[in-house]
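The values are calculated or read from the model by the stated rules, or taken from the named source; none is laboratory data. The structure presented is a predicted model; accordingly, all values stated were derived computationally and were not measured. Note that each Cβ is placed from the backbone with ideal geometry, even for glycine, and that neighbours are counted across all protein chains shown. Accessible surface areas use protein heavy atoms only, side chains included; no ligands, DNA or RNA. Shrake-Rupley method; radii C 1.70, N 1.55, O 1.52, S 1.80 Å.
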Amino acid sequence: MKNITVVGAGVMGKGIAYSCAVSGFEVYLNDINEEILEKAKKDIFTLLDNSFQKGFISEDQYQNAKKHLFFETDLEIAAKDADLVIEAVLEKMELKIDIFKKLDKICAPGTILATNTSTMSPTEIGAQTSRPDKVIAMHFFNPVHKMKLIEVIRGMETSDDTVSIVKEVGKKLKKETVEVNEFPGFITSRMNCLIGNEAMNMLMEGVASAEDIDKALKLGLNHPMGPLELADLVGLDTRLRNMEYLYKTLGEKYRPCPLLLKYVKAGRLGKKSGKGFYQY
Ligand code: NAD
């Protein structure tokens, strides 16, 4: 396992590419949008500089990462030599399936194809390829360089070999893994979406301010972040897509809070757009 391609250079893709590069992998980061790819490059190099200056990564890691990171809008060039592809595009099933079908044609038969989906079915994605045994979900957390966990989600046809190779990669990235049998929302998104949605409902009902809801969960329940600041970090558009999928698959208790819908319609997408439940 030497070459990793990351598809999608948004909030998650650039974090995954950074972590893979400082762990010694050769990394191609791909996005259809040239501007987003350019911004991802700038952000990754700034993070590399800061991490090196603060002593979080060694000189070797720093220099190697800079040498072994490539940015490419052409999926074929980006993925043709990959041993592992990690897809991190928008949380839309049709889009993910389209990309996996293309990857299935571009990549060697042994290449493992992983999705960073927060909620969706690797079984459904894998079934559209000729290699469902090599399709899996690797669910990273935001910000990737700080968060210790990868949820490894086994689809119905995912092989034991694929699971163990992906766990090995997790170890090389210095992450802990948990193994999950596929079910919508896995462990973390299923739990976190409910907490976040309830916090949004409370804000909408006027129970308390956003600041006080977050403060209560941090100081009273010992959460490291408040649910509303966390939703802002995730991106409210991404969170809404997660809620819509869980509502469709798990039912009423995941109905997205109307306030979330209103914020997304207004273009308040959280930290990435400068405004969400908080102003940035
Ligand atoms: P994002 O909107 O920040 O980035 C998505 C990127 O995909 C964009 O840059 C877009 O240009 C790119 N893209 C769209 N179509 C493409 C294509 N055909 N080929 C290549 N690139 C394409 O989204 P995100 O927050 O990084 O989320 C990505 C995935 O990760 C989603 O499945 C999401 O559920 C999951 N996830 C998100 C978080 C989070 O905190 N944001 C955490 C864990 C998992």
field: Pairs, first under 24 Å from residue 190 (Cβ atoms) in region 253-280, second open to solvent by less than 80 Å² (accessible area, probe 1.4 Å) and of a type in the set (D, E, K, R), C-beta under 6 Å, six or more apart
entry: 264/237; 269/237; 270/232; 271/232; 276/232; 276/268; 277/232
message: It is to be established whether one or more residues within region 219-237 are more than 20 Å from residue 184 (Cβ to Cβ), over 20 Å from the mean Cα position of the chain (by Cα) and either within 14 Å of the ligand (Cβ to nearest atom) or part of a helix (DSSP H, G or I) (or both).
response: yes
- prompt: What do you reckon, is residue 32 within 16 Å of the ligand (Cβ to nearest atom) and open to solvent by 60 Å² or more (accessible area, probe 1.4 Å)?
  reply: yes
statement: Counted residues in region 65-78 being closer than 28 Å to residue 52 by Cα and either touching a helix residue (DSSP H, G or I) at 6+ places or on another chain (Cβ under 8 Å) or at pLDDT below 95 (or both) come to 8
query: In region 137-165, which residues are of a type in the set (Val, Ile, Thr) and within 14 Å of the ligand (Cβ to nearest atom)?
result: 144, 150, 152, 153
message: Anything in region 248-260 that is away from the ligand (no atom under 15 Å from the Cβ) and assigned to a helix (DSSP H, G or I)? List them, or say none.
response: 250, 252, 253, 258, 259
- request: Tally the residues that are in contact with a strand residue (DSSP E or B) (Cβ under 8 Å, 6 or more places away or on another chain), open to solvent by less than 70 Å² (accessible area, probe 1.4 Å) and not in a helix (DSSP H, G or I), restricting the search to region 163-218.
  value: 7
statement: Within region 56-92, the residues that are open to solvent by less than 40 Å² (accessible area, probe 1.4 Å), near the ligand (Cβ under 10 Å from one of its atoms) and over 23 Å from residue 168 (Cβ atoms) are 75, 89, 91
- line: Inside region 10-65, the number of residues satisfying the requirement of being farther than 21 Å from residue 138 by Cα, touching a residue at least 60 places away in the same chain (Cβ under 8 Å) and touching a strand residue (DSSP E or B) at 6+ places or on another chain (Cβ under 8 Å) is 0
query: On the given criteria, is residue 35 under 19 Å from the mean Cα position of the chain (by Cα) and acidic (Asp, Glu)?
result: no
message: I'm trying to understand the selection: among the residues of region 75-124, which are free of Cβ contacts under 8 Å to residues at least 60 places away in the same chain and under 14 Å from the mean Cα position of the chain (by Cα)?
response: 96, 114, 115, 117
query: Does region 105-116 include one or more residues that are open to solvent by 80 Å² or more (accessible area, probe 1.4 Å) and part of a loop (DSSP other than H, G, I, E, B)?
result: yes
- request: Would you confirm whether any residue within region 242-253 is in contact with a helix residue (DSSP H, G or I) (Cβ under 6 Å, 6 or more places away or on another chain), closer than 25 Å to residue 88 by Cα and of a type in the set (S, T, N, Q)?
  value: yes
message: Quick check on region 151-158. Is at least one of its residues open to solvent by 90 Å² or more (accessible area, probe 1.4 Å), in contact (Cβ under 8 Å) with a residue 24 or more places away in the chain and in contact with a Pro (Cβ under 7 Å, 6 or more places away or on another chain)?
response: yes
field: In region 1-18, residue modelled with the lowest pLDDT [restricted to those that are part of a helix (DSSP H, G or I) and hydrophobic (A, V, I, L, M, F, W, C)]
entry: 11
